[in-house]
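Undergrad: Take a look at this one; I'll ask things after.
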Amino acid sequence: MTTNIASVARRAALAAVSGIAATAVLASTAFAATTPWTVMPSANNATGDTRFSAVSMVDDTHGFAVGDADGKATIESWNGTSWNLMAAPSPDSSGILRGVSAVSATDAWAVGTTFASSGPQETLIEHFDGAAWTIVPSPNIGVNSQLNAVSARAANDVWAVGQDGVNESKPIIEHWDGAAWTVVQGVAAPSNGIEFLKGVTVAPDGTVWAVGTVGQALNPEGFRLTAFVERFTGGGWRSVPVPATNPSFSANLNAVSAASANDVWAVGSVGSQALAEHWNGTAWSIVATPAVSGKSIVLKGVKAVGPNDAWFVGDQSLATISEQSNGTTTAIVPTPSGSQRGDLSGIAAVGRTLYAVGSQTNDASTFQQQTLALINAAG
């Protein structure tokens, strides 16, 4: 199926003029001639902050975006022209959804954290069966467990990653086999160290990649944080060496995406600058990314759309940023952003059409966050 994006954009503009209730349609005339991205309608709470954390697309008319609305888990669905609220269970006092992955329009998973009114922070996993989202029991490994990302390959093959604890964080890897979620032993954190897993993806060949940060304890206090990658090929999880970065700055990887077994991308930050890495089937290498004078850049989402072709999204000093890379050169692609501030935290694609989500702030008096959803048909 092919979507006429020009028609979609026109309908979005008309909807904005008509004043659709509970939607955010951001004017972007300053970027109209230079950006391939278009802001699409998305829903928000009447009060409080509403943010998107991640997005997963099935086709031109089916997709899911997740996040939180004033401390409650929130989920929206894409119908080809706009994002619309779905009923999302949010247990106890509050919950946040940080990752989403759809096998089909009737089989999708979302993961995150629930904060009980009394008791520990726990993992939160929700499933959509085509009719409703429901909470699915998920294991915890300690007193402060959370899941950050999920990747669904099939109805009986879904992976989720995260961590437990704060100062002594240990990684969590969980797998769905079609019947239950179970903890799978990954690469252990260093002795007296920490390990956060932020992103996960299943490559077309079935290899599972997880990325994040590992930290070795320093004397007398603190940690030296470095980027970390591990993979699962059926015989257990194994760490994979990544290039060294400047030891004076903390480095981390936030997201990962695979076009093929020998074309995998990961993004994050080192110090105040973007970090992008590429796997060519043999080794990881650092991909050059542009610096912006006076701006800090954190890349939060990545999508491999073809051979040696990937898109990155994130924020640059509280403004949205997108970049496109071929593994040799990377260029910033202008994006619309909130009049005050904004960020992009997730990206997905259907063919060459890109979908990015995050948040925006347009009211200088309240700084209330609202959902931000973009589409790019020129990817």
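Undergrad: Name the pairs whose Cβ atoms lie under 6 Å apart, with the first residue in segment 234-252 and touching a residue at least 40 places away in the same chain (Cβ under 8 Å) and under 23 Å from Asn148 (Cβ atoms), the second part of a loop (DSSP other than H, G, I, E, B) and not aliphatic (A, V, I, L, M), and 6 or more positions between them or separate chains?
TA: Listed pairs, sorted by first residue: Trp237/Gly186.
Undergrad: Right, something else. Tell me the residue from Gln340, Gln369 that is closer than 18 Å to Gly48 by Cβ, at pLDDT below 95 and surrounded by 18 or more Cβ atoms within 10 Å (Cβ to Cβ), please.
TA: Gln369
Undergrad: Criterion first (crowded, with 22+ Cβ neighbours inside 10 Å and either touching a strand residue (DSSP E or B) at 6+ places or on another chain (Cβ under 7 Å) or β-branched (Val, Ile, Thr) (or both)) does Leu374 satisfy it? Spell out the reasoning first.
TA: Working: crowded, with 22+ Cβ neighbours inside 10 Å: yes; either touching a strand residue (DSSP E or B) at 6+ places or on another chain (Cβ under 7 Å) or β-branched (Val, Ile, Thr) (or both): yes.
Yes; evaluated as a whole, the condition is true for this residue.
Undergrad: Can you name every residue in segment 228-246 that is more than 28 Å from Ala288 (Cβ to Cβ) and among the hydroxyl-bearing types (Ser, Thr, Tyr)?
TA: Across segment 228-246, the qualifying residue is only Thr233.
Undergrad: Considering only residues that are touching a residue at least 24 places away in the same chain (Cβ under 8 Å) and over 19 Å from the mean Cα position of the chain (by Cα), which ones fall in segment 71-83?
TA: Gly80, Thr81, Ser82
Undergrad: Working carefully through the options Ala73, Ala131, Ala88, find the one that is at pLDDT 90 or above and part of a strand (DSSP E or B).
TA: Matching residue, one of Ala73, Ala131, Ala88: Ala73.
Undergrad: Right, next: Taking the condition touching an Asp or Glu at 6+ places or on another chain (Cβ under 8 Å), of a type in the set (Val, Ile, Thr), without any contact (Cβ under 8 Å) to a residue 40 or more places away in the chain and surrounded by 17 or more Cβ atoms within 10 Å (Cβ to Cβ), does Val214 pass?
TA: Yes.
Undergrad: In segment 121-142, what residues are of a type in the set (Gly, Ala, Ser) and surrounded by fewer than 21 Cβ atoms within 10 Å (Cβ to Cβ)?
TA: Of everything in segment 121-142, those that are of a type in the set (Gly, Ala, Ser) and surrounded by fewer than 21 Cβ atoms within 10 Å (Cβ to Cβ) turn out to be Gly130, Ala131, Ala132, Gly142.
Undergrad: Can you pull out every residue in segment 276-305 that is surrounded by 19 or more Cβ atoms within 10 Å (Cβ to Cβ) and either outside any strand (DSSP E or B) or at pLDDT below 95 (or both)?
TA: Answer for segment 276-305, where residues must be surrounded by 19 or more Cβ atoms within 10 Å (Cβ to Cβ) and either outside any strand (DSSP E or B) or at pLDDT below 95 (or both): just Thr289.
To keep it simple, each residue is scored yes or no on (1) of a type in the set (S, T, N, Q); (2) crowded, with 23+ Cβ neighbours inside 10 Å; (3) at positive phi.
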site: Ser151; (1), (2), (3): yes, yes, no
site: Trp159; (1), (2), (3): no, yes, no
site: Glu174; (1), (2), (3): no, yes, no
site: Asn192; (1), (2), (3): yes, no, yes
site: Thr233; (1), (2), (3): yes, no, no
site: Val242; (1), (2), (3): no, no, no
site: Ser248; (1), (2), (3): yes, no, no
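Undergrad: Test each condition in (1) hydroxyl-bearing (Ser, Thr, Tyr); (2) in contact with a Pro (Cβ under 7 Å, 6 or more places away or on another chain); (3) closer than 23 Å to Gly48 by Cα for Ser317 and report the one that comes out false.
TA: That leaves (2) as the condition not met.
Undergrad: Only one of Ser101, Ser145, Ser82, Ser118 is at pLDDT below 95 and crowded, with 19+ Cβ neighbours inside 10 Å; which?
TA: Details: Ser101 fails: at pLDDT below 95; Ser82 fails: at pLDDT below 95; Ser118 fails: crowded, with 19+ Cβ neighbours inside 10 Å.
None of the other options fit; the residue is Ser145.
Undergrad: Report whether or not Ala255 is of a type outside the set (Asp, Glu), exposed (fewer than 14 other Cβ atoms within 10 Å of the Cβ) and touching a strand residue (DSSP E or B) at 6+ places or on another chain (Cβ under 8 Å).
TA: So Ala255 does not fit the description; no.
Undergrad: Considering segment 151-183 alone, what residues qualify as being hydroxyl-bearing (Ser, Thr, Tyr) and either over 19 Å from Val202 (Cα atoms) or not in a strand (DSSP E or B) (or both)?
TA: Ser169
The values are calculated or read from the model by the stated rules, or taken from the named source; none is laboratory data. What you see is a predicted model, and the numbers here were worked out from it, not measured in a lab. Here Cβ is always computed from backbone atoms with ideal geometry, including for glycine, and neighbour counts include all displayed protein chains.
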